[in-house]
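What follows is one structure encoded as structure tokens, with my remarks underneath.
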Amino acid sequence: MSWLQAIVLGLVQGLTEFLPISSSGHIRIVSTLFFGNDAGASFTAVIQLGTEVAVLIYFAKDIGNFIAAWFKGLFSKAARASEDYRMAWYVIIGSIPISVLGYLFKDEIRSSLRNLWITATTLIVFGLLLGLADHFASHIRNKLQLKDAVGMGLAQAMALIPGVSRSGGTLTAGLFLGLDRASAARYSFLLALPAVFGAGIFSIPDVLDRAEPNAASVPQMVVATIVSFAVGYATIAWLLRYVSKHSYSVFVWYRLLLGMVLMGLLSMGLINAT
């Protein structure tokens, strides 16, 4: 991997991780289209650590409250009645599906599911679902319930397939369940922490061993992760402001256009699917 590719992919990760357009899908597409190779699932997983550190810092106060409330709730019945205690459990419960499925299907995630035909198809299909949810859902609740944690957790697990979008899947599920846009986005950010940190840390040995083709060096990986952190932090603040006043329609149309363009390039043989 070249230094230019590492920096560009770190930028792409930071820009797309929190938008409902699939960061892993964009890394896969940009790698193939502009650099002629697949950066690999391990590279993608590790540089996501940068964007999740951005979430940790941005929501540090909330996360600290959740952790403190969870530990207090283990010993105090009164503490278990707090909203922070319930939110801590909702993050834990919502993280279970992607953790289990990610472990069971780790080989497929790193190989067959990275086919660009699959990426193009999921960009379009899940873009349409996001559009339907954004247009027809009620958007009236701002308090999470157990059903939201389960539903959004299952949706997050589908993002193991590049093109689905972790944030897009969870936002779609949250909107269909009746959450308003800002509440769904906030929980989506928090829900990513356990799963993405787990996947990133689990993939570090593969990066250090350079087990995948076109593997990045350790310095390149560090720089790409730092870039993703810096850009990702700015993206969080922007997206929360944006969704409080706008619909997700611009992202829906972008997904549809990108999916169709990608299918066209694949059909004409201009890029390889694998």
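The values are calculated or read from the model by the stated rules, or taken from the named source; none is laboratory data. Not measured: the values here are computed from a predicted model. Note that we place each Cβ from the backbone using ideal geometry, even for glycine, and neighbour counts take in every protein chain shown. Calculation scope for accessible area: heavy atoms of the full protein, side chains included, ligands and nucleic acids excluded. Shrake-Rupley method; radii C 1.70, N 1.55, O 1.52, S 1.80 Å.
Heavy-atom accessible surface of the range 1-160, averaged per residue, reaches 45 Å², computed with a 1.4 Å probe.
Taking the charge dipole of the range 102-179 about its Cα centre, with +1 at Lys and Arg Cβ atoms and -1 at Asp and Glu Cβ atoms, the residue from His135, Val150, Ala120 reaching farthest to the positive side is Val150. Here the accessible area of the chain is 71 percent carbon and sulfur, with a 1.4 angstrom probe and all protein chains present.
Please state, to two decimals, what the Cα-based radius of gyration of the range 134-274 comes to when divided by 2.2 N^0.38 Å (N = residues). Spell out each step's value before the answer.
Working: Rg = 17.6 Å, N = 141, 2.2 N^0.38 = 14.4 Å.
Cα-based Rg divided by the globular estimate yields 1.22.
The range 231-251 to the range 66-121: how many Å between their Cα centroids? When both Cα centres are located, 23 Å separates them. Against the main long axis of the alpha-carbon atoms of the chain, helix 83-104 sits at an angle near 30°.
Just add up the charged neighbours of Asp84: K/R +1, D/E -1, any other residue whose Cβ is under 14 Å from the Cβ of Asp84. Net charge around Asp84: +4. Relative to the longest principal axis of the chain, what angle (0 to 90°, nearest 10) does the C-alpha long axis of helix 60-73 take? Helix 60-73 sits roughly 50 degrees off the main axis of the chain. Which one, Ala81, Ser217, Gly94, is farthest towards the positive end of the dipole of the chain when Lys and Arg carry +1 and Asp and Glu -1 on their Cβ? Of the candidates, Ala81 comes out farthest on the positive side. Computed from Cα atoms, the angle from the helix 41-58 axis to the main principal axis of the chain rounds to 40 degrees.
Over the chain, the ratio between the Cα radius of gyration and 2.2 N^0.38 Å evaluates to 0.98. Cα-based radius of gyration for the range 94-204, normalised by 2.2 N^0.38 Å, reads 1.06. For the chain, a simple Cβ point-charge model (Lys and Arg +1, Asp and Glu -1, everything else neutral) yields a dipole of about 720 debye relative to the Cα centre.
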